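Peer 1: I have a structure I would like to understand better, so I am pasting it below and will then ask my questions one at a time.
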Amino acid sequence: MATVHCVRCGRPEAPALTRQPYPGKLGAEIREKICADCWNEWLRMETMVINELRLNFMDPSSQEILTRHMREFLFSGGGEIEKNPDPRP
Ligand SMILES: [Zn+2]
């Protein structure tokens, strides 16, 4: 089975996703950096986010909001800005 060094849970040999779970560049990044377990966790969280925020997919801004939550959940602060320094008071 393919493994991945997951940036979310930190396991060096976590089970990899068998296919890209999301379209585009972000999906490719998720497949490379996120394990199947963390992705499944997000799927559960996604349902909660959709219900809580009452997202409606006829509205393109809802998809945007959901993607932002997904990035935050998986990369704790968004893929390409993951290197931002810890903001200490
Ligand atoms: Zn993981």
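Peer 1: Can you spot a residue in the stretch 5-16 that is modelled with pLDDT of 95 or more, within 14 Å of the ligand (Cβ to nearest atom), assigned to a helix (DSSP H, G or I) and surrounded by 12 or more Cβ atoms within 10 Å (Cβ to Cβ)?
Peer 2: Scanning the stretch 5-16 turns up no residue that is modelled with pLDDT of 95 or more, within 14 Å of the ligand (Cβ to nearest atom), assigned to a helix (DSSP H, G or I) and surrounded by 12 or more Cβ atoms within 10 Å (Cβ to Cβ).
Peer 1: For the stretch 12-43, what are the residues that are out of contact with any helix residue (DSSP H, G or I) (no Cβ under 7 Å at 6 or more places or on another chain) and touching a residue at least 40 places away in the same chain (Cβ under 8 Å)?
Peer 2: LYS33
Peer 1: Within the stretch 32-51, is there a residue that is within 16 Å of the ligand (Cβ to nearest atom), surrounded by fewer than 16 Cβ atoms within 10 Å (Cβ to Cβ) and more than 15 Å from the chain's Cα centre (by Cα)?
Peer 2: The answer is no; no qualifying residue exists.
Peer 1: A further question on this structure: How about the stretch 34-48: which of its residues are over 14 Å from GLU72 (Cα atoms) and in a helix (DSSP H, G or I)?
Peer 2: Initial filter on the stretch 34-48 (over 14 Å from GLU72 (Cα atoms)): 35-37, 40, 44, 47-48.
Scanning the stretch 34-48 gives ALA36, ASP37, ASN40, ARG44, THR47, MET48.
The values are calculated or read from the model by the stated rules, or taken from the named source; none is laboratory data. A quick note: this is a predicted structure, and the numbers were derived from the prediction, not measured. Every residue, glycine as well, gets a Cβ built from its backbone with ideal geometry; the counts of neighbours run over all protein chains shown.
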